[in-house]
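Enquirer: I'd like to ask you about the structure that follows.
The values are calculated or read from the model by the stated rules, or taken from the named source; none is laboratory data. Here the structure is a predicted model, which means the values were calculated and not measured. No Cβ is skipped: glycine too gets one built from the backbone with ideal geometry, and neighbour counts run over all protein chains shown. The protein model used for the area step is the full one, side chains on, heavy atoms only, and it has no ligands, DNA or RNA in it. Shrake-Rupley method; radii C 1.70, N 1.55, O 1.52, S 1.80 Å.
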Amino acid sequence: MTSEFLLEMQGISKSFPGVQANKDINFNLRRGEVHALLGENGAGKTTLMKILFGLYKPDGGEIRLKGEKVEINSPEEAIRQGIGMVHQHFMLIPPFTVLENIILGAEPRKSLGRLDQAKAVKKINSLSQQLGLKVELDTKIENVTVGMQQRVEILKALYREAEVLILDEPTSVLTPQEAEDLGEIIRELAAGGKGVVFITHKLKEVMKFADRITVIRGGRVVDSVNSSETDIQTLAEMMVGRKVFLEMKKGPCRPGKVILQTKNLKVVDNRRLPAVKRVNLQVRAGEILAVAGVDGNGQSELIEALTGLRPVAGGQILLEGQEINYANPRRILEKGVGHIPEDRQKRGLVLDFSIQENLLLELYRTPQFCRAGFLRKEQSLTYAENLIEEFDIRTPGPGIKASSLSGGNQQKVIIAREIRRDPQLLIVAQPTRGLDVGAIEFVHKQLISARDLGKAILLFSLELDEILSLADRIVVIYEGEIVGNLAREEATEEKLGLMMTGGLLAEREAVNDG
């Protein structure tokens with residue numbers, strides 16, 4: 001039996017308690033094609049692909065590979081059928097090394113069943129060079145950055161040589177250049193006959209890399225279009241069901257007193273090597289200071305030092321003039337610091353707790369929600385319900401576990417909790433990672449509103465578009481040092497990109513002038 005499609009999913013439906021995730025979805029993929037899957041957070045995109053990868057069993061419908069009907073009941077079976085998936089939330093084992101995670105379950109063997117590690121290393125190094133994604137094979141996953149973990153996931157899928165490759169938000173933690181390199185590899189994979197399903201919220205990438213685009217809203221297919229026959233604004237409106245403002249407008253910055261200051265701050269990483277070197281920063285009330293940089297240049301260690309999660313090796317951290325070098329995370333929060341972490345599942349949520357409990361994590365001991373050591377249930381429920389409505393958290397109710405939410409809705413829970421706690425300083429890391437255009441618009445409005453209310457905001461983002469849209473001032477970090485300090489009006493993608501990669505702007509300009 002032959003078919004023009006490498007993959008066909010016909011009439012796929014899937015329900016969870018209180019949620020219809022997929023409803024009669026038809027989706028297909030040709031060999032040699034990049035097919036983008038778009039939709040809001042919770043629209044059902046990842047659920048559909050988890051069905052294809054054997055993580056969920058559909059309530060109805062069928063799957064065909066190369067024209068033949070198949071049943072996929074486990075990821076192991078999906079891999080045998082030639083399907084690979086890079087998940088939005090990492091499927092890695094922290095105590096294992098990068099190498100062990102990549103080859104786990106697909107270890108090359110010598111005679112007598114002995115592990116052929118040299119063969120595995122050779123293949124991984126070849127893939128790594130093609131992608132431009134350098135990894136340290138002997139390092140444990142628990143000691144690498146979020147960006148490095150994403151690279152490991154990508155390499156793990158490609159190592160297994162799948163014919164159908166599902167990429168769920170693969171560029172969410174990559175730099176623009178890394179994303180560009182990955183896009184080229186995706187096109188090369190398609191040119192080599194593989195079919196690629198590309199799930200992303202980045203509409204520019206969709207238009208650049210995809211051949212076809214299917215938009216899902218509310219668990220149903222809205223439309224499938226060729227990328228050559230649509231545009232970004234149309235796609236955004238299809239996803240959200242309304243007009244979306246892709247560029248934020250904000251009033252002039254009115255900076256006040258210095259809220260956060262670092263003086264010659266030094267921080268070491270888990271290997272006791274310098275990660276932050278003599279960093280001097282000032283963040284004022286009523287401004288957004290953005291930190292731009294390629295992932296892995298000290299941002300994570302700097303954030304952890306500022307929030308009490310990592311000890312300071314030298315220098316000072318001052319909050320309204322008072323040193324907080326040795327304060328623990330709770331004490332720092334109590335002093336009026338909010339933290340939206342870069343890894344929402346590791347630092348931002350207790351996944352086995354309900355949405356309501358997660359929204360109260362930093363407030364449950366306050367008189368508003370606690371009396372005589374007992375939680376005031378009515379007040380806490382009302383508070384959670386109000387935040388769920390205000391921040392458009394898509395959930396059947398506040399009692400649902402945080403682990404059951406889509407990545408974007410998990411992020412909304414954290415943002416709602418931190419902003420509504422009314423901190424004087426908000427440390428924000430990758431606030432829109434994995435969010436759709438409608439949610440990004442909402443989050444950006446919240447951050448600008450907080451700035452306009454006089455809050456000091458320190459923003460860490462790998463997205464230059466986001467930095468240029470939100471920042472009043474921008475500093476660039478490279479190898480743990482601040483190498484640039486610009487007013488927003490002075491900043492361009494070219495200037496920031498050059499500084500982020502260690503280039504000397506003055507030398508580049510001198511060459512151009514000559």
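Enquirer: Mind giving me the FRET efficiency for Asn26 and Leu115? R0 is 56 Å, r the Cβ-Cβ distance, nearest 0.05 is fine.
Expert: Efficiency at R0 = 56 Å is approximately 0.85.
Enquirer: Please give, to one decimal in nm, the separation of the simple spin-label points placed at Lys69 and Leu351, each 7 Å out from Cα toward the Cβ.
Expert: That separation, rounded to one decimal, is 3.5 nm.
Enquirer: Find how many whole Å separate the alpha carbon centroid of the stretch 309-355 from the alpha carbon centroid of the stretch 361-401.
Expert: 22 Å
Enquirer: Another question, then. Would you be so kind as to identify which of Ala43, Gly308, Asn297 lies farthest towards the positive end of the dipole of the chain, taking Lys and Arg as +1 and Asp and Glu as -1 on Cβ and the Cα centre as origin?
Expert: So the residue furthest toward the plus end is Gly308.
Enquirer: Could you order the peptides 95-108, 196-209 from most to least packed, using the average number of other C-beta atoms within 10 Å per residue?
Expert: 196-209, 95-108
Enquirer: Can I ask one more? DSSP beta bridges in the chain, what fraction antiparallel, as a percent rounded to 5?
Expert: 55 percent
Enquirer: Could I ask something else about it? Roughly how tilted is helix 146-159, in degrees to the nearest 10 and between 0 and 90, from the longest Cα axis of the chain?
Expert: For 146-159 against the chain, the angle is about 10 degrees.
Enquirer: Still on this structure, please answer the following. DSSP beta bridges in the stretch 147-246, what fraction antiparallel, as a percent rounded to 5?
Expert: The antiparallel fraction comes to roughly 55 percent.
Enquirer: Find which of Ile72, Ser3, Ile102 sits farthest along the positive direction of the dipole of the stretch 1-130, computed with +1 on the beta-carbon of Lys and Arg, -1 on that of Asp and Glu, about the Cα centre.
Expert: Ile102
Enquirer: Order the peptides 71-78, 160-167, 39-46 from the highest to the lowest mean number of other Cβ atoms within 10 Å of their residues.
Expert: 39-46, 160-167, 71-78
Enquirer: OK, next. For the peptides 265-276, 486-497, 453-464, what is the packing order when you average, over each peptide's residues, the other Cβ atoms within 10 Å and list the highest mean first?
Expert: Ranking the peptides 265-276, 486-497, 453-464 by packing returns 453-464, 265-276, 486-497.
Enquirer: Once you charge only the Cβ atoms, +1 for Lys and Arg and -1 for Asp and Glu, what is the size of the charge dipole of the stretch 135-236 about its Cα centre, to the nearest 20 debye?
Expert: The dipole of the stretch 135-236 has a size of about 320 debye.
Enquirer: Report the gain in length on full extension from Leu104 to Ser126: 0.36 nm times residue separation, minus Cα-Cα distance, nm rounded to one decimal.
Expert: 6.1 nm
Enquirer: Placing unit charges on C-beta atoms (Lys and Arg positive, Asp and Glu negative, everything else neutral), compute the dipole magnitude of the stretch 377-510 about its Cα centre in debye, rounded to 20.
Expert: Dipole about the Cα centre, nearest 20: 620 debye.
Enquirer: Expressed as an acute angle from 0 to 90° and rounded to the nearest 10, what is the orientation of the C-alpha long axis of helix 176-191 relative to the principal long axis of the chain?
Expert: 0 degrees
Enquirer: Something else: Evaluate E = 1/(1 + (r/R0)^6) for Glu479 and Glu378, where r is the Cβ-Cβ distance and R0 equals 30 Å; express this FRET efficiency to the nearest 0.05.
Expert: My answer for the efficiency is 0.05.
Enquirer: Among His444, Gly407, Asn386, which residue has its Cα positioned farthest towards the positive end of the charge dipole of the stretch 381-479, with +1 placed on the Cβ of Lys and Arg, -1 on the Cβ of Asp and Glu, and the dipole taken about the Cα centre?
Expert: Asn386
Enquirer: Distance in nm between label sites at Glu389 and Glu77, each 7 Å beyond Cα in the beta-carbon direction?
Expert: With each label point 7 Å from Cα toward Cβ, the separation is 4.4 nm.
Enquirer: Report relative contact order for the stretch 261-305 in percent, whole number only (criteria: Cα-Cα under 8 Å, sequence separation at least 6).
Expert: 37 percent
Enquirer: Moving on. Treating only the Cβ atoms of Lys and Arg (+1) and Asp and Glu (-1) as charged, compute the dipole magnitude of the stretch 244-296 about its Cα centre; round to the nearest 20 debye.
Expert: 320 debye
Enquirer: Per residue of the chain, what 222 nm ellipticity follows from adding -39500 (n - 2.57) for every DSSP H run with n ≥ 4, rounded to the nearest 500?
Expert: -9500 deg cm²/dmol
Enquirer: Lysine pairs, Cα distance under 28 Å, 8 or more residues apart or cross-chain: how many in the stretch 1-119?
Expert: 19
Enquirer: Can I ask one more? Please list Tyr326, Tyr364, Tyr478, Tyr159 in order of solvent-accessible area, largest first, computed with a 1.4 Å probe with all protein chains present.
Expert: Tyr326, Tyr364, Tyr478, Tyr159
Enquirer: Can you tell me, using C-alpha contacts under 8 Å and at least 6 residues apart, the relative contact order of the chain as a whole percent?
Expert: So the answer I get is 16 percent.
Enquirer: Another question, then. In degrees between 0 and 90, to the nearest 10, how far off the longest principal axis of the chain does helix 407-420 point, with axes built from Cα atoms?
Expert: 10 degrees
Enquirer: Describe numerically, in nm with one decimal, the distance between label points set 7 Å from Cα along Cα→Cβ at Arg160 and at Ser228.
Expert: The two pseudo-label positions are separated by 3.4 nm.
Enquirer: If you don't mind, there's one more thing I want to ask. Below 8 Å between Cα atoms, with a sequence gap of 6+, how large is the relative contact order for the stretch 393-466 in percent?
Expert: In percent, rounded to a whole number, it is 33.
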